[in-house]
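J.: Can you read through this structure? Questions will come right after.
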Amino acid sequence: MEDLPLITEMDKIPLEIIIRGLEAQYEIEKNDYWKSYLVYFYYEAFKKNLNENKLEQAKEFLEKTKNLMYDYRYHFYYGLLFSKLSDYDNAEIELKRAISMNPKFYLGYYELGNILYLKKEYDEAIEMYMKSFELNKEFSLPLLKIGDVYFESNQFKDAEIAYKSALKIEKLPEIYLRLGVLYNTRYQFEKAEKTFRDGLSLDYKPEIAYNLSYTLTRLGKHFQALQLLKELANNYPTSEVYNELGLLQKHLGFYEEAEENLKLAGEQFKENYLKVKLFTKGLKQELIEELKNFDPEYSEFLKSITEKKEEIEEKLEKIKIPFEKELNIIFDTTDDDGEVILDEFMDKLKIKEIGEKKEKFLEYIPYIISSMYIAGADPILIEKNAIKTTISLFGDGEGLALAKTLITFYQSFIFTNEPVDFVLEKTLEIISEFHYPLSKQIANLLENEKTSLDDFIENFQIADSISDFILQLFELFSYNPYIEEIKDIPEKSLRNFSKLLLSI
């Protein structure tokens, strides 16, 4: 231990100067004391060059060590060099030489496990990781890598056990990251959120924050996810972060900000950038044509809608919308193109804070429906109006799930001839991306054996929450009803919206 202060002092001096000094000193005094220091710093120089991808220089330092002191470390580091070169066969040979020379060298077994993992020889990799762990029970990384092997093999329960065992030894952010991603993969988003937050409480790692933002989105906590992504974009900007931030802003109705961030995301996310431009620039023909290179089906859909716009709007005008009061207020708060002016809408309904009308959701749903109706046959404007009004009234979470539901139902009935069952499945898939817990409830509802429409109406109870309303809408349309069959539904928002759809 008396040598430790010398290494600590040397740590403050550039590595190349230390090595030159030690080489000169060793020339003067060729003893084991100075030789051990020189070998130590040769290996440090090797690792530095290896990490900087200066592989020829790394190899030179490795050969210098062999001339001074040949032992198991030479083969160990040569194995790492071959691994960096993706020459896994030679890496395996060198690492096996290292542990044959020093059978208690736990790092050698660990790195050999890594090579076998890269070669997809999973059983042998686990064997090496376990050997490493047995030699050093305080070394958590072999357990983490065993978790990775099980994860790669879709053995998620075994992976979870391995990651949790690693955390009992050492609470590393990397382990929390892996465990959180595992929970995301298994759709256990509540567990994933807690795990990621525990990891961030130890150390702020951008990878953990990025994955947490995805988790929060699936849980319906969109504004929390938005805040995380904004922080990442400011401090750790990448194309992926700009893309996720832009997409979330688009879903929440912040279209100008979304366009700016999706532009920063770059060429690999050009499709998303073009799609958000439809919301900022409108249904421009040149945008629709450019989009054809990325999403020909969606481009063709938009093109067909613009061609049939007058025909669809004539059909809509013949339908009596059952929300006259709400439609008049929407009409007073839209511009000449039919787009809701959000400040005027919020002022008209005395909305001081986003989401404050959530408790009275049934009273305010007709405003959302009216905002879609007034947009005519413009699918982009329908979505914009619905998103803006819904988020302002009910906030994120259930609010966004409701907006996506109403939009998908309404547009499907106006613009397509899709069977109702297909519309239900399509809407369910969309909701799962924005509120997974609710999508599970809907899936259970659709999978379980139902009674009949008569029983649904007879046993009907007014919805206590937005989620309940969405569930009722799904259940009602799972019976594929006719207009005359829904007249006795006691709640008017559900009854009138369904009547509007069936009239179309």
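Throughout, read-outs are computed from the coordinates displayed, never taken from laboratory work. Since the model is a prediction, treat every value here as computed from it, not as a measurement. Every residue, glycine as well, gets a Cβ built from its backbone with ideal geometry; the counts of neighbours run over all protein chains shown.
J.: Say the cut-off is 26 Å between C-alpha atoms; which of 281/303; 221/499; 194/357; 284/358; 230/348 go over it?
T.: Beyond 26 Å between Cα atoms: 221/499; 194/357; 284/358; 230/348.
J.: Got the relative contact order for the chain handy, in percent, Cα pairs under 8 Å and 6 or more residues apart?
T.: Answer for the chain is 7 percent.
J.: Which shape class, rounded, prolate or oblate, goes with segment 237-289 when its Cα gyration tensor gives a ≥ b ≥ c as root eigenvalues, a/c under 1.5 marks rounded, and past that a/b bigger than b/c marks prolate?
T.: Cα axes put segment 237-289 in the oblate bin.
J.: If the cut-off is a Cα-Cα distance under 19 Å, which lysines reach residue 84, setting aside same-chain residues fewer than 8 apart in sequence?
T.: 47, 48, 54, 59, 96, 119, 120, 145
J.: If you don't mind, there's one more thing I want to ask. About the Cα centre of segment 314-503, what is the dipole size in debye to 20, counting +1 per Lys and Arg Cβ and -1 per Asp and Glu Cβ, all else neutral?
T.: It works out to roughly 220 debye.
J.: Please order 83, 239, 478 by the number of other Cβ within 10 Å, starting at the fewest. Display every interim value, and only then the final one.
T.: Working: 83 20, 239 13, 478 17.
Ordered from fewest to most neighbouring Cβ atoms within 10 Å, 83, 239, 478 come out as 239, 478, 83.
J.: Considering the options 408, 439, 374, tell which one lies farthest towards the positive end of the dipole of segment 345-441, charges being +1 on Lys and Arg and -1 on Asp and Glu at the Cβ, about the Cα centre.
T.: Checking the options against the dipole of segment 345-441, the answer is 374.
J.: Could I ask something else about it? Would you work out if segment 206-333 is rounded, prolate or oblate? Take a ≥ b ≥ c from the square roots of the eigenvalues of the alpha-carbon gyration tensor; rounded if a/c is under 1.5, else prolate when a/b is larger than b/c, oblate otherwise.
T.: Oblate.
J.: Among rounded, prolate and oblate, which fits segment 53-114 when a ≥ b ≥ c are the square roots of the eigenvalues of its C-alpha gyration tensor, a/c under 1.5 means rounded, and a/b larger than b/c means prolate?
T.: Numbers: a/c = 2.29, a/b = 1.15, b/c = 1.99.
Here segment 53-114 falls in the oblate category.
J.: Still on this structure, I have one more. Sorted from largest down, what three extents in whole angstroms do the Cα atoms of the chain have along their principal axes?
T.: 101, 47, 41
J.: So, one more: When 387, 319 are ordered from fewest to most other Cβ atoms inside 10 Å of their Cβ, what list results? Intermediate values should be presented prior to the final figure.
T.: On the way: 387 25, 319 12.
Ranking 387, 319 by Cβ neighbours within 10 Å, fewest first, gives 319, 387.
J.: Among the GluC sites (Glu not before Pro) within segment 405-464, which fall in a DSSP loop and have no more than 14 other Cβ atoms within 10 Å of their own Cβ?
T.: Counting only loop positions with at most 14 other Cβ atoms within 10 Å, the GluC sites (Glu not before Pro) in segment 405-464 are 449.
J.: Let me ask something else about it. Counting only helical runs of four or more DSSP H residues, what would the 222 nm mean residue ellipticity of the chain come to if each run contributes -39,500 (n - 2.57) and the total is spread over all its residues?
T.: After summing the helix terms and dividing by residue count, I get -23500 deg cm²/dmol.
J.: Another question about this same structure. Only sites in a loop by DSSP and with at most 12 other Cβ atoms within 10 Å count here; which chymotrypsin sites (Phe, Trp or Tyr not before Pro) in segment 7-72 make the cut?
T.: Here the chymotrypsin sites (Phe, Trp or Tyr not before Pro) that fit, given the DSSP loop and packing criteria, are 70.
J.: Right, another one. Any chance you could check the Cα centroid distance between segment 222-278 and segment 144-201 for me, in angstrom?
T.: Using only Cα atoms to place each centre, the spacing works out to 27 Å.
J.: Estimate the FRET efficiency between residue 318 and residue 491 by the formula 1/(1 + (r/R0)^6), using the beta-carbon distance for r and 30 Å for R0, to the nearest 0.05.
T.: 0.70
J.: Using 0.36 nm per residue of separation minus the Cα-Cα distance, give me the extension gain between residue 352 and residue 170 in nm, one decimal.
T.: Details: separation 182, 0.36 × 182 = 65.52 nm, distance 4.79 nm.
Between residue 352 and residue 170, full extension yields 60.7 nm more.
J.: Turning to a different aspect of this structure: Which Rg and Dmax, in Å, describe the Cα atoms of segment 314-503?
T.: Considering segment 314-503 through its Cα atoms, Rg and Dmax are 15.8, 48 Å.
J.: Let me ask something else. Of the peptides 209-217, 166-174, how do they stack up when ordered by the mean number of other Cβ atoms within 10 Å, highest first?
T.: 209-217, 166-174
J.: Let me ask you something else. If you count, for each residue, the other Cβ atoms within 10 Å and average over each peptide, how do 373-379, 14-20 line up from highest to lowest?
T.: Most protected by this proxy first, the peptides run 373-379, 14-20.
J.: Right, another one. I need the trypsin sites (Lys or Arg not before Pro) found in segment 298-344, filtered to DSSP loop residues with at most 16 other beta carbons within 10 Å of theirs. Spell out each step's value before the answer.
T.: On the way: sites: 303, 308, 309, 315, 318, 320, 325; in loops: 308, 318, 320.
Here the sparse-neighbourhood loop sites are 308, 318, 320.
J.: Please list, in order along segment 258-266, the HN-Hα scalar couplings obtained from phi with the Karplus expression 6.51 cos²θ - 1.76 cosθ + 1.60 (θ = phi - 60°), rounded to whole Hz, x for Gly and Pro.
T.: My calculation for segment 258-266 gives 4, 4, 4, 6, 5, 5, 5, 5, x Hz in order.
J.: Something else now. Compactness ratio of segment 353-425: Cα Rg over 2.2 N^0.38 Å, N = residue count?
T.: Details: Rg = 12.3 Å, N = 73, 2.2 N^0.38 = 11.2 Å.
Cα Rg divided by the expected 2.2 N^0.38 Å: 1.10.
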